[in-house]
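Report on the following structure.
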């Protein structure tokens, strides 16, 4: 009787988050349905200029045309994904490298940080003609601009995380005779990882913005180019469908970083922390069993 009660309560607790998620999703879908109905009705009554702002039906037709009929979105989607993700990897890599150097050397930080700030306050759009002149009209210019605009969030977050050390933890490491590299890898990096991944989440979206802005300026392929073509031909339904595809791409890139955050910074989430702890206990028990 007790075991059955425990099993029932456990399954009830497991099903409660799913029920809450379903209820929240239903509320959001209801609000979206009301907005679409009001939007469609206002367009039918002539309150909205459908040439400039198409009806939800026309947008849905544009989505079907892009994804099902012509299927032209897929190639452009992959091109913009490649440009944004490659730019993010380069910008984040450089940002992490300079942040590590700045955290380990105050002199290096004193000389490098002002240039990083200057690069950040310079509008990325203003750099586009120079980037095109340097890297040409291919993928390289889009990747370069994405790398430039995604560099600073990673650099700042990583530098703050690496230099913000708990004094008590630092004192404990010093009392145990830890070397500087041991303190860096065992204390500073784990403490900085949450902020680093926060910077990654900002940088991945700015890299997408940089890639799309570069596509608007001189691209021949990509979601930005596709959206621009539809807008110039006043096919606003397809243009907004391309815009929604751009939002989908941004959500995909953000989700990739979020999943990496869950896997790497596991101690910030109770379920993930318990899972890792259970796996480690099983591995240690297996090793002890083999030794015995």
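The values are calculated or read from the model by the stated rules, or taken from the named source; none is laboratory data. Keep in mind that what you see is a predicted model, and the values were worked out from it rather than measured. Every residue, glycine among them, receives a Cβ derived from its backbone with ideal geometry; neighbour counts consider all protein chains shown.
Scanning region 218-241 for residues that are under 20 Å from residue 127 (Cβ atoms) and surrounded by 22 or more Cβ atoms within 10 Å (Cβ to Cβ) yields 219, 222, 224. For region 154-175, the count of residues that are farther than 20 Å from residue 195 by Cβ and surrounded by 15 or more Cβ atoms within 10 Å (Cβ to Cβ) is zero.
Table: residues versus (1) modelled with pLDDT of 85 or more; (2) within 23 Å of residue 144 (Cα to Cα); (3) not assigned by TED's automatic domain parsing to the domain that holds residue 74.
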site	(1), (2), (3)
209	yes, yes, no
216	no, yes, no
241	yes, no, no
246	yes, yes, no
261	yes, no, no
270	no, no, no
284	no, no, yes
292	no, no, yes
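Considering every residue within region 277-290, establish whether at least one is touching a helix residue (DSSP H, G or I) at 6+ places or on another chain (Cβ under 8 Å) and free of Cβ contacts under 8 Å to residues at least 40 places away in the same chain. So that I can check it myself, show each step before the final result.
Of region 277-290, the ones touching a helix residue (DSSP H, G or I) at 6+ places or on another chain (Cβ under 8 Å) are none.
No: region 277-290 contains no residue that is touching a helix residue (DSSP H, G or I) at 6+ places or on another chain (Cβ under 8 Å) and free of Cβ contacts under 8 Å to residues at least 40 places away in the same chain.
When 215, 275, 290 are screened for being crowded, with 20+ Cβ neighbours inside 10 Å and not in a loop (DSSP other than H, G, I, E, B), only 215 passes.
Looking only at region 272-282, count every residue that is more than 22 Å from the chain's Cα centre (by Cα) and at pLDDT below 70 and tell me the total.
Filtering region 272-282 down to residues more than 22 Å from the chain's Cα centre (by Cα) leaves 273-282.
Those left that are additionally at pLDDT below 70: 273, 276.
Number of matching residues: 2.
Scan region 151-199 for residues that are farther than 19 Å from residue 109 by Cα and within 16 Å of the chain's Cα centre (by Cα) and the total you get is 4.
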